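Coordinate-derived values only; no laboratory data. Just so it is clear, the model here is predicted, and its values are computed rather than measured. Note that we place each Cβ from the backbone using ideal geometry, even for glycine, and neighbour counts take in every protein chain shown.
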Amino acid sequence: MNAAPTPRLKERECIGEDYPPIFYARRPDGVALDLIGSIVESPRGRCIVVEAEAYFGDCDPGSRASKYKGGRIRRRLFGPPGRYLVYGMHGWLLTNIVAHEEGRGGAVLLRSCVAEDGILVEGPGRVSRYLGVVLDHDGVIVGANESPRIKCGYQPGGITGLHRVNVRVDFDKPLRYAWVDLFKPKRYVPEKIIGFTPC
């Protein structure tokens, strides 16, 4: 964790309001973009989202939906929007929010946030640990059962789109979004780039 620069933050009109379920019932790339600047609150901590990554359904080579044709993660990806999808990878828990249009699949991975004290919490595993996310939060509606609440926050200044991290085959459309006024995201180059087709 490193201290992040602290530019003046412009509040959105809806600041502090929990997002309604319909917020997540749309394409994951739109949700990921709109989550930048949002506030995440949990019993363990509070931070501002500065990096988020979108994943679609079966057509997305980076999505777990295209890799696993059964099981809990796939069911969650195609389940009701606005619920947490939590799973382990390389010894870390990753926090996703299910987000997709009706009849489709998708989710948004919370990659990085800035804590109240200005410390950058970089990397999805560290975000989960900072917020106190546990496997019991998997499938829970955002904000229910002591899971982190996600609220309207700040209007981000400069947002950049990037290729997703550790995705070997990625779309030509960037699906990772970062608030570059608050931190400098690492760049990742996939082995292969294909045309974007939302599914």
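Its Cα gyration tensor gives the stretch 39-115 an equivalent ellipsoid, and the semi-axes of that ellipsoid, as √(5λ) in whole Å with the largest first, are 23, 13, 11. Among H137, H163, the order by Cβ neighbours within 10 angstrom, fewest to most, reads H163, H137. The modelled label-to-label distance between N166 and A25, using points 7 Å beyond Cα along the C-beta direction, is 3.3 nm. Charge tally for V140 (other residues, Cβ to Cβ under 10 Å; Lys, Arg +1; Asp, Glu -1): -2. Taken over the stretch 112-199, the ratio of Cα radius of gyration to 2.2 N^0.38 Å equals 1.28.
Using C-alpha pairs under 8 Å with a sequence gap of at least 6, the mean separation divided by the residue count of the chain gives a relative contact order of 29 percent.
If you plug the beta carbon distance of E146 and K192 into 1/(1 + (r/R0)^6) with R0 = 30 Å, you get a FRET efficiency near 0.15.
Projecting the Cα atoms of A99, N145, P20 onto the charge dipole of the chain, computed from C-beta unit charges around the Cα centre, puts A99 farthest toward the positive end.
Electrostatic tally near L162: other residues with Cβ closer than 12 Å to its Cβ, Lys and Arg +1, Asp and Glu -1, net +4.
With neighbours defined as other Cβ atoms within 10 Å of a residue's Cβ, the residues D170, D34 order from fewest to most as D34, D170. Dipole check for the stretch 136-199: with +1 at the C-beta of Lys and Arg, -1 at the C-beta of Asp and Glu, and the Cα centre as origin, the magnitude is about 300 Debye. From least to most packed, judged by other beta carbons within 10 angstrom and beginning with the fewest, R64, R187 follow the order R187, R64. Measuring max minus min along each principal axis, the C-alpha atoms of the stretch 12-182 give extents of 41, 35, 32 Å (largest first). Distance between the 7 Å Cα→Cβ label points at I15 and E101: 3.4 nm.
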